[in-house]
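Derivation of every value follows stated rules applied to the coordinates shown; laboratory data play no part. Predicted, not measured: the structure shown is a model, and the values here were computed from it. Here Cβ is always computed from backbone atoms with ideal geometry, including for glycine, and neighbour counts include all displayed protein chains.
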Amino acid sequence: MILITHFCTQKKIMQRITIAKGDGIGPEIMDATLRIILAAGAKIKVDEIEVGEKVYLAGNTAGIAKEAWDVIRKNKVFLKAPITTPQGGGYKSLNVTTRKFLGLYANVRPCRSYHPFVKTKHPVMDVVIIRENEEDLYAGIEHQQTDEVVQCLKLISRPGCEKIVRYAFEYAKQYGRKKVTCFTKDNIMKQTDGLFHAVFDEIGAEYPELEKEHWIIDIGAAKLADTPEAFDVIVMPNLYGDVLSDVAAQIAGSVGLAGSANIGEECSMFEAIHGSAPRRAGQNMANPSGLLQGAILMLNHLGQTDVAEVVQNAWLKTIEDGIHTYDIYKEGVSKQKVGTREFANAVIANLNKKPTTLAPVSYAGGKALKLPSYKRKPAANKELVGVDLFVHWPGTDANELAKYMSDLSGNDVTLTMITNRGIKVWPDGFKETFCTDHWRCRFKPTSGMLQKNQIVQLLTKAIEKNIDTIKTENLYAFDGKPAYSLGQGQ
Ligand code: NAD
């Protein structure tokens, strides 16, 4: 169906979307948001599903029923209000599950300040954080291995890096941004963060028109908190992005004003970044701006950029008019304290008006970003060059452990190093180094490559000698380049 609306001149096809009103303030802010975007001419048809607290408490630990997944997967675009995760264990985060099941690899969070109408220490701030959304430590693969040590696997993949980095550059290009910054900690994590940085450099080279820079995350985060105007678009792995996107939203003025988009190759989800604020529920108090910002990101994604622009400019005008909900209301700056419904009415009354102090937005010509699918590269020449045996050993003297472990060596395989929490403790360790009961013993072949059956032989001997091996990690070289970390101090 092709429709032409009152406010918008673009020809658009009606889009079916899924919505969930969520918990707490969710239903109120969703009603306000839908009212505004429909008044602006959004060409959407809405299918509502139930997610969240009621579903959890009915015994579904995922917080979402199978039928609801079917609707989300059919419509592909999901606008979600915040939900309450019940207290107590056993409940899975619906957000994390949704991102992973639907392959929503990119989390996009614009953080802009609205000085002088919303209080902020950073009057000039307009940063977009683009966070990898699926991998890193959020793979959630954790194990306890010894009495004293637990581990969480940090998985970073080339497809994951390529998709998110390309998304960041394409986003910057589409929205007329000038610079893309990458944050990693590759001075320490040379393999995982090193891959993210290397892919940033590779893909960045395809965008000569954009400025590019890389910061080590610690000093980059400090700079972002202190001088956000130095940044434009920032792309980073999942954990850093989780933390810094909240910091950026907060220093812009309020986490209550920010929305975010979760984008995948097929599906997408849009939301406010705040929670369900149960104490404010049902009182017509909540600020619907965060979810409205999520809905604006959704309209842009749907290609309804003219509607997105009309809504954003009307919202900016309303903020500029000093019509504020309680959370951002400030005596002397704000003009009128309003409830959720009245705020929505004010935005609707401002449709097709533009702000005069705050810069109006222009999304003209925008469309949903369509990125090429990841293409697997030809396999590298992969050679097995050694193995790390991790052992649970309650002693404290690495020289003693080295004696036991050297017994596993034969003519063809030698113990070359022992580390404890990454730091080399044998040979030539320091007696001052604190050691836990979790030891890594590195074996290398005396010549040539290691054979898999030599690992089996090492493990068999370890069982015979009553050594508690908790895991092994193979050491590989790819195209002749060693692809594993050295011991710290090695
Ligand atoms: P919250 O974001 O709900 O509330 C934090 C503070 O901000 C509260 O003082 C609240 O009153 C205020 N606030 C938040 N949004 C507001 C709005 N739109 N208007 C006015 N004031 C607003 O965080 P919380 O209290 O830590 O969490 C409450 C529940 O929300 C928890 O069950 C949590 O698990 C859940 N949560 C859900 C999501 C989500 O669904 N995406 C995200 C975060 C938290």
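List of remarks:
- Peptides 80-88, 333-341, ordered by how many other C-beta atoms sit within 10 Å of their residues on average, highest first, read 80-88, 333-341.
- Reach of residue 335 by Cα under 17 Å, taken over lysines that are not fewer than 8 positions away in the same chain: 119, 317
- Filter on 45/121; 74/163; 43/163 - keep pairs with C-alpha separation over 31 Å: 45/121
- Cα gyration tensor, the chain - rounded (a/c under 1.5), prolate or oblate: prolate
- Measuring nothing but how far apart in sequence close Cα pairs (under 8 Å, 6+ apart) lie, relative to its length, segment 1-127 scores a relative contact order of 24 percent.
- If the segment from residue 151 to residue 353 were pulled out straight at 0.36 nm per residue, it would be longer than the present Cα-Cα gap by 67.3 nm.
- Local electrostatic count at residue 36 - Lys and Arg +1, Asp and Glu -1, tallied over other residues with Cβ under 14 Å: 0
- Each Lys or Arg adds one and each Asp or Glu takes one away; over the other residues whose Cβ falls under 10 Å from the Cβ of residue 341, this sums to -2.
- Residue 274 sits among other residues whose Cβ lies under 14 Å from its own Cβ, and their net charge, with Lys and Arg +1 and Asp and Glu -1, is -1.
- Of the GluC sites (Glu not before Pro) found in segment 320-362, those in coil by DSSP whose Cβ has at most 13 other Cβ atoms within 10 Å are 331.
- Measuring nothing but how far apart in sequence close Cα pairs (under 8 Å, 6+ apart) lie, relative to its length, segment 261-411 scores a relative contact order of 23 percent.
- Evaluated at q = 0.24 Å⁻¹, the base-10 log of the normalised Debye intensity for segment 382-482, with identical point scatterers placed on the Cα atoms, takes the values -1.31.
- Residue exposure proxy: 455, 17, 25, ordered by other Cβ atoms within 10 angstrom of their Cβ from fewest to most, comes out as 455, 17, 25.
- Lys/Arg +1, Asp/Glu -1 at C-beta; segment 382-482 dipole; positive extreme among 478, 404, 420: 478
- Placing R0 at 25 angstrom, the Cβ-Cβ distance between residue 466 and residue 414 gives a FRET efficiency of 0.70 after rounding to 0.05.
- Total lysine pairs in segment 366-490 at Cα distances under 15 Å, for residues eight or more apart or on different chains: 8.
- For segment 406-468, trypsin sites (Lys or Arg not before Pro) meeting the loop criterion (DSSP other than H, G, I, E, B) and having at most 15 other Cβ atoms within 10 Å: 421, 431, 465.
- Computed [θ] at 222 nm, helices only, for the chain once each DSSP H run of length n ≥ 4 contributes -39500 (n - 2.57): -9500 deg cm²/dmol
- For the chain: relative contact order, % (alpha-carbon pairs under 8 angstrom, 6 or more apart): 16 percent
- Available extension along the chain between residue 362 and residue 341 is 4.9 nm, counting 0.36 nm per residue and deducting the alpha carbon span.
- Exposed-loop-free span, longest in the chain, where chymotrypsin sites (Phe, Trp or Tyr not before Pro) count as exposed if DSSP calls them loop and at most 13 other C-beta atoms lie within 10 Å: 1-429
- With 5 Å bins from 0: P(r) over segment 126-252, alpha-carbon pairs, percent: 2, 11, 21, 22, 20, 12, 6, 3, 2, 1, 0
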